[in-house]
1. May I ask you to order 68-74, 4-10 by the average number of other C-beta atoms within 10 Å around their residues, highest value first?
2. Under the Karplus relation 6.51 cos²θ - 1.76 cosθ + 1.60, θ = phi - 60°, what is the ordered set of whole-Hz ³J(HN,Hα) values for the range 136-142, x standing for Gly and Pro?
3. Label-point separation (nm) for R108 and I71, each offset 7 Å from Cα along Cα-to-Cβ?
4. Evaluate the distance, in nm, between pseudo-label points positioned 7 Å from the Cα of T47 and of R116 along their respective Cα→Cβ axes.
5. Could you compute the net charge surrounding F100? Neighbours are other residues with a C-beta less than 9 Å from the C-beta of F100; K and R count +1, D and E count -1.
6. According to the Cα gyration tensor, what semi-axes, each the square root of 5 times an eigenvalue, does the equivalent ellipsoid of the range 2-44 have, listed from largest to smallest in whole Å?
7. Apply the Karplus curve 6.51 cos²θ - 1.76 cosθ + 1.60, θ = phi - 60°, to the phi angles in the range 112-126 and return the couplings in whole Hz, x for Gly and Pro.
8. Please report, in cubic angstrom per residue, the volume enclosed by the convex hull of the alpha-carbon atoms of the chain.
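Bear in mind these aren't lab numbers, they're just calculated from the coordinates by the rules spelled out. Everything numeric in this text was worked out from a predicted model, so none of it was measured. Note: ideal-geometry Cβ built from the backbone for every residue, glycine included; neighbour counts use all protein chains shown.
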Amino acid sequence: MVTLLPQAVCIAFATLAVWHFYMAVAPGAGGGGAVPSVDGKPLFTPTRRATAAVGVILLVFASLVAATAHIVPLGVPQIALSWLSYALALGLLARAVGEFRYVGFFKRVHGTEFARLDTLVYSPLCLLLAGGVALVAVQHRT
């Protein structure tokens, strides 16, 4: 169980990274629910480079969790890895809660494809990942 949780969290981050790399190569292939919209118009249009950058960041998150759990050595002190993991968990929790307008559990704008997916998939996933990352940090703190 001690290694199962970090492995599951790492796989989740890596899967999300691969999805972002795919979306960077084939934009539009994933449907219209990836970005918040108002009146059918997206609030922003991510570039291929920005989408790929998100994929790289997600791989960094997976590496952080793997290093925190002693799966992969990074040469960084364990206390730093734990604190970075706590910060990541807090960031994921903040994403799940949202900014109270377009994103998160407490959003006010509903009725769009993104809002539906955010309620059913994106925000719950962020909440689960926040809990998983925090548990990994707690289990492997020194």
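1. On the way: 68-74: 16.0, 4-10: 18.1.
Going from most to least packed, we get 4-10, 68-74.
2. Taking θ as phi minus 60°, the curve returns 4, 5, 5, 5, 10, 6, 10 Hz for the range 136-142.
3. Those two pseudo-labels are separated by 4.0 nm.
4. 3.2 nm
5. Working: positive: R101, K107, R108; negative: E99.
Overall, the nearby charge balance is +2.
6. Values: eigenvalues 171, 34, 8 Å².
Semi-axis lengths for the range 2-44 are 29, 13, 6 Å.
7. 10, 4, 4, 4, 5, 5, 5, 5, 8, 10, 4, 5, x, 5, 4
8. Working: hull volume 14.9 nm³, N = 142.
Dividing the Cα hull volume of the chain by its residue count gives 105 Å³.
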